[in-house]
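Working notes for the structure below.
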Amino acid sequence: MTRQGRNAAGSEDSQSWLTTYSDMVTLLLAFFVLLFSFSTLDMEQFEKTMLSLQEALGILEAGRTVSEAEEPMVDHDGLVEDLYMESVELEQLKTVQAQLEGALEDAGKDEGISFDLTERGLIIHFTDQVLFDSGEAQLRTDALKILDEVAPILADIPNHIRVEGHTDDVPISTAQFPSNWELSTARATNVLQYLLEGEVVDPDQLTAAGYGEYRPVASNETEEGRAQNRRVDIVLLRLGAQEYEPRDLREDSPTGGDDG
């Protein structure tokens, strides 16, 4: 064999290890990709790792330090806490609904009363015939017994309570109620007043509102629909919603609101 032939054979032998090495690297890459596909990515730990790597490579954003990795870029803990609080409050409102349904059923006074659990909170619907005579705002005697069943349960919750009066679209014009606005507001106020008279529900929890004919839950084209629209709703507002309620600004006053 000539010198040139021996050199060519030696060159092939010296580079043959590259094939084996490339195969091994490919297998390792495939292995780690497989491991990664079975893992759950921890975003907070990932962000910390990326910041450490960026610092090591000298490419951190201006003014940013690795210590900031202790506070995730996304507030996962806050999100989890919010979801947890929402689920706890939902279960609390479901429990209150069950208590109210049980108390009214035991007293035989559940007819004409229904419940809705909405994004606003828990709504107790009373059709007008449950509480009032037609076109009147004075609570009926049997209505007082119904509210007596409801009040102690409402007193045990921290939620803000809004009493809302509603009517159908049939016009009313009397000396006492010139329009449906006055009728709906008077009905809501009278329910609220009775709850206060029992000295069970905290006055700070209560408000009243009259919506007239402008918040219907059914069509006013039929008598059945109009009957559903003539109602008083007691709304147990979600805790997150009640932060938008007006509050006693005297709490912020250095003198506590005492003008004397």
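The loop-placed trypsin sites (Lys or Arg not before Pro) in the range 104-154, going by DSSP, that have at most 14 neighbouring Cβ atoms within 10 Å of their Cβ come out as ARG120, ARG140.
Distance between the pseudo-spin-label points of THR95 and ARG140 (7 Å out from Cα toward the beta carbon): 3.4 nm.
Could you sort 159-167, 206-214 so that the peptide with the highest average Cβ count within 10 Å comes first and the rest follow in order?
Ranking, from highest mean packing down: 159-167, 206-214.
For the peptides 148-157, 224-233, residues were scored by their other Cβ atoms within 10 Å and the scores averaged per peptide; the highest-first order is 224-233, 148-157.
Laboratory data are not the source of any read-out in this text; all were calculated from the coordinates shown. Keep in mind that what you see is a predicted model, and the values were worked out from it rather than measured. A quick note on method: Cβ atoms are made from the backbone with ideal geometry, for glycine too, and the neighbour counts reach across all protein chains shown.
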